[in-house]
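Report on one structure; see the data block that follows.
The numbers here are math on the coordinates, done by the rules we state, and not lab data. Fair warning: this is a prediction, and the values are worked out from it, not measured in the lab. Note that we place each Cβ from the backbone using ideal geometry, even for glycine, and neighbour counts take in every protein chain shown.
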């Protein structure tokens, strides 16, 4: 036999060919993980961080890599067990070998080995370049991953080596009776007949296989063995495979039950590998038992799960913590009900209360030399954690440069998503400092707090808890709720910020009324009808529709809902403030939509779908109170803090294939923020006309990456290099000009 034939018909290459022909779903899972790991998929959301730099107990270190490596080792073994279930019957010679599963794993290692080497290269580069980790620490971390992988693989291989049996374990005198075509464990699976083996009709010819000593050895014929005896070997090996898969599933579910315990929250990268193991084993089991009917069975199972979880005991939807969700006490959500909420009487009452807030603001900011101060409206953009850090850093620097005038003269904060997290944090610190606590809005540790990881706990909860049915519960206010990724997000955010967000919505009512802190209106998007849910401790019914002036008032449709009035009977004041912030930054798929106690039921999600920059809400407020503003202030200043480019590059449409053309209309959704920009520029132009000449100023602070390759992703996790790029961007030429303009405006 030539060397070429030995290699070409070697077991490793034949297995690889079999996988590409019959097991494309399993190959696709490896490919997806590789694309995720290298950042070719999900880079914009920072998903590759989860695998390349796993965190455990808030640190990236040897232990976090060790745990992730062990999970990868488990994934490798599930791969081997699953493919063993699906492919072993095509290679009857395996049953004649000592330690058949061990040899199968060794010959089935081409794909895992390629992934393993890719990880080592990608993680080493990422740690060194993006996390700025010292070389010695990088090597120590990589050692942890290798040790974890090898240890788990050796452990499972050792267990299976001791428990899996070969044909010698079953041979007894008198059992050597031919039984051609004997059936295997699963319906429709059988061993080849003796004639098929002799005639080479097995379709998967193997001449050599790799031994434990990494030597090629010739395959012996199995024609003289009893097929039933071979079937017993495979049946016993299959049972061990199922045991390992069930243990992996139970491990994942157990993590969700104890999700509050920090030590249980293994790195999300590790949990990703465990989830991939479950998916792979489920696919393998369905394919093994139902063969060509597998895809249909899988689709039927999806429909069955969707039906079962749509009602009754298994129906769970995320809630806003603090609200009353009792079925008999739902708020009416209809257009007539909204008309009552924004009745002329309610609007006049809320306007009068807000005018008193503005009077207090004026009293706070009026000086002998400046009786008509500029009134500032803070508009912050969405954009994940990069927007949180960018907003907080910009506010710190701008407020310091204006000697505290920026925060003092800000009357309202509006915006979306991550920007509101940063703005809410500095506002809370500002309030506590005013109340005598030893906190400073200029403290650099605030930047560290707001940029701490949120992605790991959220994705951990998704994989270990939310994919199943949330079992654990907790109490918020007067009611009990299930623990899911929404709960873990709020808990981690509050923990990162040292518990400063442990407040209810009503806790901000008096500080806002006294103008101690700016008003803040959180405005998540109502998925069912595209209206805004206006969350504020104050009555804001006047923001539910355009200001009523002239004969067109009756033509203006209600496009917002006052949260406090809508849920007055569901204890709106008890809403956890973190829930309000979370509703405002419900990133699709990452955080759950929030189900509200209404009839009919509706869901709230990220404010960025309606207004990613906070301009339209602030403009409506100014329009509503323009008479007071023109009489008592020196004009309006919109300070916009955004981490999105104002003018995007134009993407060419050349060389588009037929499939690309089919999805082009759907890709228009990617231009959502650009369309909002166009509309908001028009709104600002109209507002400028309403206020009069030189009464409106717009100052923009824009995050533009210093180095394009270091641009921060729109994620809930930032690398060290991304954080540095965000901080350095504030000192760009255009932002320095904006800061100088702001200082000049507020000095008048």
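Footprinting exposure proxy ranking of 582, 700, fewest other C-beta atoms within 10 angstrom first, gives 700, 582. Between residue 334 and residue 98, the contour length at 0.36 nm per residue exceeds the alpha carbon distance by 77.8 nm.
Between residue 246 and residue 13, the simple label model (points 7 Å from Cα in the Cβ direction) yields a spacing of 4.1 nm.
Taking each residue as 0.36 nm, the span from residue 293 to residue 630 lengthens on full extension beyond its C-alpha to C-alpha distance by 114.0 nm.
Counting neighbouring beta carbons within 10 Å and listing from fewest to most, the residues 731, 425 come out as 731, 425. Spatial offset of region 541-601 relative to region 313-383 amounts to 9 Å, using the alpha carbon center of each.
Treating r as the C-beta distance of residue 368 and residue 495 and R0 as 35 Å, the FRET efficiency rounds to 0.20. Between region 479-519 and region 5-24, the alpha-carbon centres lie 57 Å apart.
Neighbour counts of C-beta atoms inside 10 Å place 154, 706, 540, 441 in the sequence 154, 706, 441, 540, starting with the fewest. Put a dot 7 Å past the Cα of residue 300, heading toward its Cβ, do the same for residue 700, and the two dots end up 5.7 nm apart. Available extension along the chain between residue 214 and residue 529 is 107.0 nm, counting 0.36 nm per residue and deducting the alpha carbon span. Can you tell me the FRET efficiency between residue 344 and residue 151 if r is taken as the Cβ-Cβ distance and R0 is 56 Å, rounded to the nearest 0.05? Efficiency, from the Cβ-Cβ distance: 0.20.
Once both labels are positioned 7 Å from their Cα atoms along Cα-to-Cβ, the gap between residue 506 and residue 262 label points is 3.2 nm.
Across every pair of non-identical alpha carbons in region 486-562, the mean reciprocal distance, once inverted, gives a Kirkwood radius of 14.9 Å.
Taking a point 7 Å from the Cα of residue 134 along the Cα-to-Cβ direction, the residues of region 42-82 with backbone N closer than 16 Å to it are 60-62.
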